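First the structure, in the form of structure tokens, and then the observations on it.
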Amino acid sequence: MGPKARMTSLDVTCMTEELRPTVLGWRLSNVYDLDEKTYQMKFAVPGESEKINILIESGIRFHRTFYQREKSLTPSNFTM
């Protein structure tokens with residue numbers, strides 16, 4: 001059996017439960033499209049300087065990231 005290629009609903013449930021305590025009480029401040037299937041969501045607390053970035057690669061993975069990726073200058077219709 002080879003490596004897993006796609007996330008299942010169980011994977012999404014587990015990742016959501018893992019990230020819930022991290023982002024609970026934070027507001028989604030921006031969504032960036034990095035390419036046609038990869039998005040970065042930025043969460044913030046008003047008045048605070050700390051930000052949380054979540055990387056989402058549709059169907060493949062999502063996780064917290066500290067790495068700032070290059071963003072598109074114009075957002076896609078989906079992102080807007």
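The values are calculated or read from the model by the stated rules, or taken from the named source; none is laboratory data. Not measured: the values here are computed from a predicted model. Ideal geometry is used to build each Cβ from the backbone, glycine not excepted, and the neighbour counts take in all protein chains shown. In case anyone asks, the SASA skips ligands and DNA or RNA and just uses the protein heavy atoms, side chains included. Shrake-Rupley method; radii C 1.70, N 1.55, O 1.52, S 1.80 Å.
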Original post:
Thr13: accessible area at probe 1.4 Å, nearest 10 Å²?
Top reply: 80
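Using helices alone, what [θ] at 222 nm do you get for the chain, with -39,500 (n - 2.57) per DSSP H run of 4 or more residues, divided over all residues and rounded to the nearest 500?
Values: 1 runs with 15 residues, N = 80.
Here the helix-only value at 222 nm equals -6000 deg cm²/dmol.
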Original post:
Looking at the chain, which chymotrypsin sites (Phe, Trp or Tyr not before Pro) are in a loop (DSSP not H, G, I, E or B) and have at most 11 other Cβ atoms within 10 Å?
Top reply: Phe66, Tyr67, Phe78
Subject >> Cα extents of the chain along the three principal axes, largest first (Å) >> reply: 48, 31, 21
Original post:
trypsin sites (Lys or Arg not before Pro) within the chain: which are DSSP loop residues with at most 10 other Cβ atoms inside 10 Å?
Top reply: Lys4, Arg6
Subject >> Within straight-line cross-link reach of Lys71, lysines at Cα separation under 16 Å, skipping those fewer than 8 residues along the same chain >> reply: Lys37, Lys42
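Arrange the residues Leu19, Leu73, Leu28, Leu55 by how much accessible surface each exposes, largest first, with a 1.4 angstrom probe. Walk me through the intermediate numbers first.
On the way: Leu19 25, Leu73 175, Leu28 90, Leu55 0 Å².
Result of the area sort, largest leading: Leu73, Leu28, Leu19, Leu55.
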